[in-house]
Amino acid sequence: MDNANAASADSQRNPSALVQRVLSAVVLLPLVVVCVWWGFWPFTMLAVAAAVIGLGELYAAFSHGGYQSNYALGVVVAALMLGAMIVRALTGVDLLAPALGLAVMISLAACASRHAQHGAVAEWALTFGGALYIGGLLGFLILIRALETPLHGGLLAPLQPQPGAAWIALVLMATWGQDVFAYFVGKRWGRRRMAPSLSPRKTWEGAAGGMLGALAGAFLALALFGLPLSLWATALIGVVAGIAGPIGDLSESFIKRQAGLKDAGSLIPGHGGILDRIDSVLFSAPAIYIALMVLA
């Protein structure tokens, strides 16, 4: 999020902002934990819900900036991406390429009737690109939840966690560790701005703190769940999360700057919208999945 590794001026002016953020996290975190732990389908339904809401927030941001998109068509494209991911997770059959081709054909055909309308091609591109951004990237969480690589003990071994739940925990703990450490380090010691024109409150000091947080989250997940990773592999996952997460955050900032918005939504008090909450995970999940496939 924009204020993740920032010296947050808003929080300094309004001390209740941090309290609001913490209270929202206290309410939402148990829901996420339950869905992750419960099983593949509860977690998948949570991911699908996040995609539907996040896509609506993204298209609303486009509209605020004067750019048109088609929400219903975007949901169809995102559903094709997520559906292909679910099929691969459950059966191992990779339908992503056919789903992508079908999405292009359906979306172009649906927009063809508006050929005389100015901006119709741009509307198609934004609709299609937005659906890939949300649905395509969230789908990697579904693939990670389906991983069945056996665990090697861990502090939480008596609770018999499912391997997929442990791998999702690795992604979330590394990503959120980066987010939390970056916020507090940036707020306390942030001086050198990272991207002043894009996200003015992000600092290099916050980014360094975030990298430490990502590493700490990755190693904590290793200790808790007994993930079959070496120490250097765990460190690599932490570094990947420490880089990919902030890039995902900045990418969403780019969209919001184009739209003239501070937050993508207001669903979560103190955090903005769903998209503001998952922007880092949208990039860290695919990056970590790729790293895991390389390490396997």
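The values are calculated or read from the model by the stated rules, or taken from the named source; none is laboratory data. Computed from a predicted model, the values in this text were never measured in an experiment. Backbone-built Cβ (ideal geometry, glycine too); neighbour counts: all protein chains shown.
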Examine the range 164-178 for a residue that is of a type outside the set (Ser, Thr, Tyr), over 14 Å from Ala218 (Cβ atoms) and touching a helix residue (DSSP H, G or I) at 6+ places or on another chain (Cβ under 9 Å), and state whether such a residue exists. yes
Checking the condition out of contact with any Asp or Glu (no Cβ under 6 Å at 6 or more places or on another chain), surrounded by fewer than 24 Cβ atoms within 10 Å (Cβ to Cβ) and among the polar types (S, T, N, Q), which residue from Gln162, Gln178 passes? Gln162
On the given criteria, is Thr127 in contact with a Gly (Cβ under 8 Å, 6 or more places away or on another chain), surrounded by 24 or more Cβ atoms within 10 Å (Cβ to Cβ) and either within 29 Å of Leu220 (Cβ to Cβ) or at pLDDT below 95 (or both)? no
One residue from Ala195, Ala218, Ala207 being surrounded by fewer than 17 Cβ atoms within 10 Å (Cβ to Cβ) and touching a residue at least 40 places away in the same chain (Cβ under 8 Å): Ala195
Would you mention how many residues in the range 101-147 are more than 28 Å from Ala89 (Cβ to Cβ) and of a type in the set (Val, Ile, Thr)? 1
Quick check on this structure: which one of Leu292, Leu231, Leu227, Leu282 is closer than 22 Å to Gly54 by Cβ and not aromatic (Phe, Trp, Tyr)? Leu282
Under 9 Å between Cβ atoms, which residue pairs at least 6 apart in sequence (or on different chains) link something in the range 17-45 that is farther than 17 Å from Ile142 by Cβ and at pLDDT 80 or above with a partner that is crowded, with 17+ Cβ neighbours inside 10 Å and of a type in the set (Gly, Ala, Ser)? Val33/Ala169
Unique residue being under 24 Å from Phe43 (Cβ atoms), in contact with a strand residue (DSSP E or B) (Cβ under 8 Å, 6 or more places away or on another chain) and either in contact (Cβ under 8 Å) with a residue 12 or more places away in the chain or of a type in the set (D, E, K, R) (or both) when the list is Asp179, Asp249: Asp249
Can you tell me which residue is modelled with the highest pLDDT among those in the range 253-272 that are more than 18 Å from Gln68 (Cβ to Cβ) and in a loop (DSSP other than H, G, I, E, B)? Lys262
Conditions (1) small (Gly, Ala, Ser); (2) exposed (fewer than 15 other Cβ atoms within 10 Å of the Cβ); (3) closer than 30 Å to Val180 by Cβ -> Ser63 fails only (3)
When you go through (1) part of a helix (DSSP H, G or I); (2) at pLDDT below 90; (3) not polar (S, T, N, Q) one by one for Arg191, which number turns out not to apply? (1)
For the range 101-122, check the following and say yes or no: at least one residue is aliphatic (A, V, I, L, M), closer than 24 Å to Phe225 by Cβ, crowded, with 19+ Cβ neighbours inside 10 Å and modelled with pLDDT of 95 or more. no
Is it the case that some residue within the range 82-91 is crowded, with 18+ Cβ neighbours inside 10 Å, over 24 Å from the mean Cα position of the chain (by Cα), more than 22 Å from Arg277 (Cα to Cα) and hydroxyl-bearing (Ser, Thr, Tyr)? no
